[in-house]
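Data first, discussion second: the structure below is written as structure tokens.
Computed from the coordinates by the stated procedures, all read-outs in this text should not be read as laboratory data. Predicted model only: the values in this text are computed from it and were never measured. Methodologically, a virtual Cβ is constructed for each residue, glycine included, from the backbone with ideal geometry; neighbour enumeration extends over all protein chains shown.
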Amino acid sequence: MSSFSSALGAVLSSMCGPCVRAPRKFISIAWVASMWCVLVLLTVSILVAKHVLRDNATAAFAVLFTAFLCVGMSVAGSLVLKRYLTPIMLGWLLGAVGVVAQLNLVLFAIFAELAQNDAVTGEAMSTSRAAAAFTFILFVIYAVFGFLLWAFRGRLLEELSSSSPPSSPSSGMSGEGAEMYGGPPVKASVTY
């Protein structure tokens, strides 16, 4: 397993260069790029829904749902990366990014088929092509971002633990398990 991680480190350092030394900045740049694509997807999805709604209400719903899901993902991901970066939230973000990337890949296949369909002509076909293109771009961006987040997760958490202040012995918690959260080990006694 160490040969895999050393090979991954070599690939990342050769591909990313200076970005490996500042992974948080690198991940932030990738996240901002995904948010710009989400804004474009939202615009395209409204156009697709407007033109495809007459022929295929399911496709219109799919593109609008995905656009609003990606907007929600942008908000939630920004909160995790900027304010709530903990190991559990980082794992949640990794899983959510993976799911949204796969959803965009499936939607790319659906809209590419709609664009090739003989029954779809004119402006609806161009909007289906645009939706296919932007869902594929979002798939690539979310997949790359998920890979980067996975590859740099250890360094992000190291940076987080080195920048956080040490926990105080009086955290306000008492009872069993308080020492796990930095509180003093106090035995709880119950009297009736």
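What to note about this one:
- Which of Phe134, Phe4, Phe139 has the fewest Cβ neighbours within 10 Å, and the rest in rising order: Phe4, Phe139, Phe134
- Multiplying each eigenvalue of the alpha-carbon gyration tensor of the range 22-151 by 5 and taking the square root yields semi-axes of 30, 12, 11 Å, largest first, rounded to whole angstroms.
- When each of Met89, Met73 is scored by the number of other beta-carbon atoms lying within 10 Å, the sequence from fewest to most is Met89, Met73.
- Computed magnitude of the charge dipole of the range 22-151 (debye, nearest 20; Cβ of K, R +1, Cβ of D, E -1): 580 debye
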